[in-house]
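S.K.: Pasting a structure here, questions to come.
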Amino acid sequence: MTRERALILVALLAILGAVAWSAWPRELTAAERVDRITSELRCVTCQGLSVKDSPAASARQMRDLVVQRVAEGRTDDEIRGEFRASYGDWVLLSPPASSWTGLIWLVPIVALAAGLAAVLGRLRTVVPNAAAPSPPELAALRERVAREEALDLPEADGAE
Amino acid sequence: MPRWLRLSVVVGIAALVVVLMLSFRRDPHDIRTGTVNKPAAAFTADRLDGTGTLSLRDYAGKVVVLNFFASWCPPCKEENPALVRVWERYRTSDVVFIGIVYEDATDKARAYVSANGVTWPTVRDDDGRIAFAYGVFGPPETYFIGPDGVIAGRRIGAISEATLVASIDKLRAQASR
């Protein structure tokens, strides 16, 4: 192994190690949990803003409630569930895949599959028919070519 | 395009049209989020006039009309005369009105209550916990709680006298059966 290859291998291993380390699950602090939960909750008086990002008073109150629930030892699902009980799945910025709103996640997949099927179907129809002509068809074609070539012959003018 | 694919596209578009038609038919004032047909969240809150606390539990067995309002909210002023008329009509019966101040300064809410003839009990919700428990989007919102303690309906936006009377009478009729 050359020195360059060894260096590349070490670099790749370092990158893989860094990615694995960053993705490794770890215990979140209370503040990190609050940030995560509030970034998933919709501010109920805003247009498309999360509780975390909204400066509205109601968003601040929601955040305070999340802080209190985390301090009380509630799980993330329990806290989200409390808001869902009052506002339905609407209060979650990403609709859950378990309820009927999970169809939202299914639609792009179905649309992609339908598009692929349409493209494949189209490709199949434009593929030329590669079947060889039958002997009578071949004979007729040859005869036609010969006839047309005879018609297109240049007149002998003795130039050559 | 294959026949099955064409059929799927047609069925998909038809389903989308049906869903949109059903959605457009819904009354935007009557969005049935999680709390309707569920037991009303219990609460104890400070009275706006400073005379102690009020607990929803104290009104068990009665028809309760919960109205979330704020002094800064024009539709609240718009609906207030209807609330006053209906309150005067039912105040001696088994119907209770409770006003809940939504995101408002106490002194402004007190001035509003005084200026607009709000004589039914009114409480503060400074941390928004009551509003969250009921799924309030913004004032005005009105909830109808039956004698069984279950939220029978809600109304988002300014409510009319006819809607108030119809909702209250329906709950009273159910209770008398």
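S.K.: If I go through segment A:43-60 residue by residue, how many of them are surrounded by 21 or more Cβ atoms within 10 Å (Cβ to Cβ) and either under 18 Å from A:Ser86 (Cα atoms) or touching a residue at least 40 places away in the same chain (Cβ under 8 Å) (or both)?
M.R.: Residues in segment A:43-60 being surrounded by 21 or more Cβ atoms within 10 Å (Cβ to Cβ) and either under 18 Å from A:Ser86 (Cα atoms) or touching a residue at least 40 places away in the same chain (Cβ under 8 Å) (or both): 5 in total.
S.K.: Anything in segment B:82-132 that is among the aliphatic types (A, V, I, L, M), surrounded by fewer than 19 Cβ atoms within 10 Å (Cβ to Cβ) and not in a loop (DSSP other than H, G, I, E, B)? List them, or say none.
M.R.: Those that are among the aliphatic types (A, V, I, L, M), surrounded by fewer than 19 Cβ atoms within 10 Å (Cβ to Cβ) and not in a loop (DSSP other than H, G, I, E, B): B:Ala82, B:Val84, B:Ala111, B:Ala115.
S.K.: A follow-up question, please. Residues that are loosely packed, with under 12 Cβ neighbours inside 10 Å and within 15 Å of the chain's Cα centre (by Cα): does segment B:9-30 have at least one?
M.R.: Within segment B:9-30, one or more residues are loosely packed, with under 12 Cβ neighbours inside 10 Å and within 15 Å of the chain's Cα centre (by Cα).
S.K.: Filter segment B:109-147 down to residues that are within 14 Å of another protein chain (Cβ to nearest Cβ) and among the charged types (D, E, K, R) and give me whichever is farthest from A:Thr45 (Cα to Cα).
M.R.: First pass over segment B:109-147, keeping only residues within 14 Å of another protein chain (Cβ to nearest Cβ): B:124-141, B:143.
Add one more test, that the residue is among the charged types (D, E, K, R), and what stays is B:124-127, B:129, B:141.
Values: B:Arg124: 19, B:Asp125: 16, B:Asp126: 16, B:Asp127: 15, B:Arg129: 15, B:Glu141: 13 Å.
Residue satisfying both the conditions and the ranking: B:Arg124.
S.K.: Turning to a different aspect of this structure: Filter segment A:1-36 down to the residues that are of a type in the set (Val, Ile, Thr) and either under 28 Å from the mean Cα position of the chain (by Cα) or not in a helix (DSSP H, G or I) (or both), then identify the one that is farthest from A:Arg69 (Cα to Cα).
M.R.: Per the criteria, the residue is A:Thr2.
S.K.: Name the single residue that is farthest from B:Ala133 (Cα to Cα) among those in segment A:66-82 being within 14 Å of chain B (Cβ to nearest Cβ) and either without any contact (Cβ under 8 Å) to a residue 12 or more places away in the chain or touching a strand residue (DSSP E or B) at 6+ places or on another chain (Cβ under 6 Å) (or both).
M.R.: This residue is A:Glu72.
S.K.: If you don't mind, there's one more thing I want to ask. Would you pick out the residues in segment B:54-74 that are closer than 22 Å to B:Val36 by Cα and either assigned to a strand (DSSP E or B) or of a type in the set (Ser, Thr, Tyr) (or both)? Let's see the steps before the verdict.
M.R.: The initial filter retains those residues of segment B:54-74 that are closer than 22 Å to B:Val36 by Cα, namely B:55-69.
Across segment B:54-74, the qualifying residues are B:Ser55, B:Tyr59, B:Val63, B:Val64, B:Val65, B:Leu66, B:Asn67, B:Phe68, B:Phe69.
S.K.: Can I ask one more? Residue check: is B:Ala162 away from chain A (no Cβ under 14 Å) and in contact (Cβ under 8 Å) with a residue 24 or more places away in the chain?
M.R.: Taking the combined requirement at face value, the residue does not satisfy it.
S.K.: Condition first: touching a residue at least 24 places away in the same chain (Cβ under 8 Å) and over 28 Å from the mean Cα position of the chain (by Cα). Can you find one or more residues in segment A:89-103 that meet it?
M.R.: Taking every residue of segment A:89-103 in turn, none turns out to be touching a residue at least 24 places away in the same chain (Cβ under 8 Å) and over 28 Å from the mean Cα position of the chain (by Cα).
S.K.: With respect to A:Gly73, determine if the residue is surrounded by fewer than 10 Cβ atoms within 10 Å (Cβ to Cβ) and at positive phi.
M.R.: On the way: surrounded by fewer than 10 Cβ atoms within 10 Å (Cβ to Cβ): yes; at positive phi: yes.
Yes: the conditions hold for A:Gly73.
S.K.: Something else about it: Would you be able to say whether some residue in segment B:138-159 is part of a helix (DSSP H, G or I) and among the hydrophobic types (A, V, I, L, M, F, W, C)?
M.R.: No, there is no match, as no residue in segment B:138-159 is part of a helix (DSSP H, G or I) and among the hydrophobic types (A, V, I, L, M, F, W, C).
S.K.: Also, quick follow-up: So the check is Cβ under 9 Å with 6+ separation or different chains; which pairs have a first residue in segment B:32-61 that's within 14 Å of chain A (Cβ to nearest Cβ) and a second one that's in a loop (DSSP other than H, G, I, E, B) and surrounded by fewer than 11 Cβ atoms within 10 Å (Cβ to Cβ)?
M.R.: As it stands, the answer is B:Arg32/B:Arg26, since those pairs meet every condition given.
Values quoted throughout were computed directly from the atomic coordinates according to the rules given, and no laboratory measurement underlies them. On a predicted model such as this, the values are computed, not experimentally measured, just so you know. Heads up, the Cβs are rebuilt from the backbone with ideal geometry, glycines too, and the neighbour counts pull from every protein chain shown.
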